[in-house]
1. May I ask for the net charge around Gly30, where only other residues with Cβ less than 10 Å from the Cβ of Gly30 are counted and Lys, Arg are +1 while Asp, Glu are -1?
2. If you build a Gaussian network model of the chain, linking Cα atoms that sit under 10 Å apart, which residue out of Ile22, Ile33, Ile74 swings the most?
3. State the label only: which of (i) 2, 12, 22, 23, 18, 12, 7, 3, 1, 0, 0; (ii) 3, 13, 26, 29, 20, 7, 1, 0; (iii) 2, 8, 8, 10, 11, 10, 12, 12, 13, 9, 4, 1 corresponds to P(r) over Cα pairs in 5 Å bins from 0, in percent computed from the shown model?
4. Determine ³J(HN,Hα), in whole Hz, for all residues of segment 71-80 in sequence, where each value follows from phi through the Karplus function 6.51 cos²θ - 1.76 cosθ + 1.60 and θ = phi - 60°; x replaces Gly and Pro.
5. As an exercise, identify the chymotrypsin sites (Phe, Trp or Tyr not before Pro) in segment 40-95 lying in DSSP coil whose Cβ has no more than 15 other Cβ atoms within 10 Å.
6. Relative contact order of the chain, please, whole-number percent, based on alpha carbon pairs below 8 angstrom and at least 6 residues apart.
Amino acid sequence: MMKVDKRGDLNMKFFHSIIKWIRVRNGFKGLLINYQCCDEAGVVKKRVKEFFKNRFSREDGLQIKLLNVGFKRIEREDNDMLVGNISELEIKEVV
């Protein structure tokens, strides 16, 4: 396992700045409701929830059920490789 000192990894500051930028870019402060700008968090949250609830509900009341659907699965060793620790050697090989 790689050792990281108290100051963190070299890419830590860059990584966190990218995440912060994505959150700001994907967020929104207000909503246009009935041709009026609204920035009250509770009202905006309620309207967004209503929008997506209406968008993804069926008018006839039927719901899609995924019973007996054969989803693809990965083998245990592939899963272990995906969730396992990354060695410093593996990182150096990629970079």
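Every read-out reported here was derived from the displayed coordinates using simple, explicitly stated rules and does not represent laboratory data. As the structure is a computational prediction, the values presented were derived from the model and not from experiment. Cβ sites come from the backbone with ideal geometry, for glycine too, and all protein chains shown count toward neighbours.
1. Numbers: positive: Lys29; negative: Asp39, Glu40.
Local net charge: -1.
2. Ile74
3. Only one listed value fits the structure, namely (iii).
4. So the J values, rounded to whole Hz, are 6, 5, 10, 9, 6, 4, 5, 5, 4, 4.
5. Phe56, Phe71
6. Details: 21 pairs, mean separation 34.2, N = 95.
In percent, rounded to a whole number, it is 36.
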